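Asks: Got a structure here, written out as structure tokens. Questions coming.
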Amino acid sequence: MLKTKAAMSASGSRIDTIRHATGRIPWESRRGDVAESAGTNWAGNYTYRSAGLVHPSSVDEVQRAVTDAVDAGSTVRALGTRHCFNDIADTAGIQLAMTSLPPRFELDEAARTVTVSAGSRYGDIAQQLDARGWALPNLASLPHISVAGAIATATHGSGDRNVNLAAVVSGFEFVDGSGELVTLRRADEDFAGAVVGLGAFGIFTSVTLDVVPTFEVAQTVFTGLDWDTVLDNFDAITSSGYSVSMFTNWVGGVQQIWLKRLVSEDPAPASLFGATQAAEKRHPLPGVDATACTDQFGVPGPWYDRLPHFKLAFTPSNGEEIQTEYLVPRARATDAIRALLPLADQIAPVLQVTELREVAADDLWLSGEYGTDVLGIHFTWKRDQPAVEAVLPAIEAALFPLGARPHWGKLFLDVDGVVPSLYPRFDDFRALVAKYDPHGVFRNAYLERLLR
């Protein structure tokens, strides 16, 4: 582990302080006399309550923002591409727009790694990698999300042999709660506890990712499987490709299966356990134009344009939505589906679609896949927060006893406070937070609920 304190010059900075009558010291970039509002998250279901939004142009400015917040007894949080559906990135203090940091792309072919700025979007760095003959092992369904935000919340793609996005991190730099720039690498003692850090340790400024030689993928969509067929052949279906996603409304079975196979493997079969290949391009959401979706019909293409469900150039998914996801231990996957089927009448009226996909185990303390392969049960809801929150207690009552862990960046309730008990290293995580953030400068309402 390396710790450095970069020179934080007061002159030449794009960030200035302004003191409110409340005594807090929020921040602003040079855009007038009032601090810029962060507005809402990507989906529009959450409005940030921070005192202001800052656009740092260097790591020095990130460090200065942290030390000034400490001096003022205030708080600070990083804000990425805003693809979280709860208050994890919010704060009573200031937010730092990490997408404003200068781009960084340093490929080390000998080490098979790439180092990128924390606010980089996966879709952007993927194309740079592919142009040089390299790839990331997997991507989430949306290439629009930021690297640091995805890692901090253990966001994942699909594939029963593919780990989540945080598990291919080999090192990272972050500004800790004292304003120091810290470097952690995979061999360091604190690494596994800090990667999926929920923003509790500090603000990521750069991330180093493992890379593999570039590869091509072909995607084929199948339609129509009843629940009995799905449950009787669950392992065979989920292992039938490099990446497999099933989409359902919980009424009448699985409506679509998105099968993504390596071009080096055999092509997709004509049918999959009775499901037939779609005759037209499909969107996961019923009735939505599929133009924004990645190419289908088994047409080969580069990994970055097949593993996600949506193309980088288009608005992802539906936009006006709320998302929830629970990661169920693989051994209880079919039990979890059977536990949710009786809730179909409660789920369906509020639901746009559910995606079922598997992720491989890792050793990161707060990963949903810590110590176990999982089935991700993902709900894309209509943007009706009260209605969604009304159905979540029944879902969590069905899934938490099976060991399900919620996705940190999506909406969940945990009314009984059981989530910390689902992570064997949670007490160690608390201690690590105290080590790197002794002043509580990164604490917010989300962390107060979780770490209480």
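Asks: In this structure, is VAL221 on the phi < 0 side of the Ramachandran plot, β-branched (Val, Ile, Thr) and touching a helix residue (DSSP H, G or I) at 6+ places or on another chain (Cβ under 9 Å)?
Replies: In short, no.
Asks: Conditions first: (1) of a type in the set (Gly, Ala, Ser); (2) open to solvent by less than 10 Å² (accessible area, probe 1.4 Å); (3) free of Cβ contacts under 8 Å to residues at least 60 places away in the same chain. SER240 passes all but one, so which condition is the exception?
Replies: For SER240, the failing item is (2).
Asks: Tell me whether the stretch 417-438 contains one or more residues that are under 21 Å from PHE85 (Cβ atoms) and surrounded by fewer than 15 Cβ atoms within 10 Å (Cβ to Cβ).
Replies: yes
Asks: Right, something else. Might you check whether a residue that is exposed (fewer than 13 other Cβ atoms within 10 Å of the Cβ), without any contact (Cβ under 8 Å) to a residue 60 or more places away in the chain and of a type in the set (D, E, K, R) occurs anywhere in the stretch 281-289?
Replies: Looking through the stretch 281-289, at least one residue is exposed (fewer than 13 other Cβ atoms within 10 Å of the Cβ), without any contact (Cβ under 8 Å) to a residue 60 or more places away in the chain and of a type in the set (D, E, K, R).
Asks: Just wondering, is there one or more residues in the stretch 378-400 that are free of Cβ contacts under 8 Å to residues at least 60 places away in the same chain and hydroxyl-bearing (Ser, Thr, Tyr)?
Replies: no
Asks: Could you tell me which numbered condition SER37 fails, if it satisfies all but one of (1) in a loop (DSSP other than H, G, I, E, B); (2) open to solvent by 40 Å² or more (accessible area, probe 1.4 Å); (3) at pLDDT below 50?
Replies: Among (1) in a loop (DSSP other than H, G, I, E, B); (2) open to solvent by 40 Å² or more (accessible area, probe 1.4 Å); (3) at pLDDT below 50, SER37 violates only (3).
Asks: Mind listing whichever residues of the stretch 173-210 are of a type in the set (A, V, I, L, M) and closer than 18 Å to VAL54 by Cβ?
Replies: Selection gives VAL175, LEU181, ILE203.
Asks: Test THR380 against the criterion of being crowded, with 17+ Cβ neighbours inside 10 Å, of a type in the set (S, T, N, Q) and part of a loop (DSSP other than H, G, I, E, B), and give yes or no.
Replies: no
Asks: How many residues does the stretch 53-76 contain that are open to solvent by less than 10 Å² (accessible area, probe 1.4 Å) and either aliphatic (A, V, I, L, M) or at pLDDT below 95 (or both)?
Replies: Residues meeting the conditions: 7.
Per-residue answers, yes or no, for (1) farther than 30 Å from GLY241 by Cα; (2) at pLDDT below 95; (3) of a type in the set (Lys, Arg):
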| site | (1), (2), (3) |
| --- | --- |
| ARG161 | no, no, yes |
| LEU165 | no, no, no |
| GLY202 | yes, no, no |
| ALA218 | no, no, no |
| ASP226 | no, no, no |
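Asks: Could you please let me know if ALA313 is at pLDDT 95 or above, out of contact with any His (no Cβ under 8 Å at 6 or more places or on another chain) and of a type in the set (Gly, Ala, Ser)?
Replies: Criteria not met by ALA313.
Asks: If you don't mind, there's one more thing I want to ask. Going by the structure shown, is ARG443 in contact (Cβ under 8 Å) with a residue 60 or more places away in the chain, out of contact with any Pro (no Cβ under 8 Å at 6 or more places or on another chain) and more than 26 Å from GLY157 (Cα to Cα)?
Replies: yes
The values are calculated or read from the model by the stated rules, or taken from the named source; none is laboratory data. Keep in mind the model is a prediction, meaning the values are calculated, not measured. Positions of Cβ are generated from backbone atoms using ideal geometry, with glycine treated the same way; all protein chains shown enter the neighbour counts. Heavy atoms of the whole protein, side chains included, go into the accessibility calculation; ligands, DNA and RNA do not. Shrake-Rupley method; radii C 1.70, N 1.55, O 1.52, S 1.80 Å.
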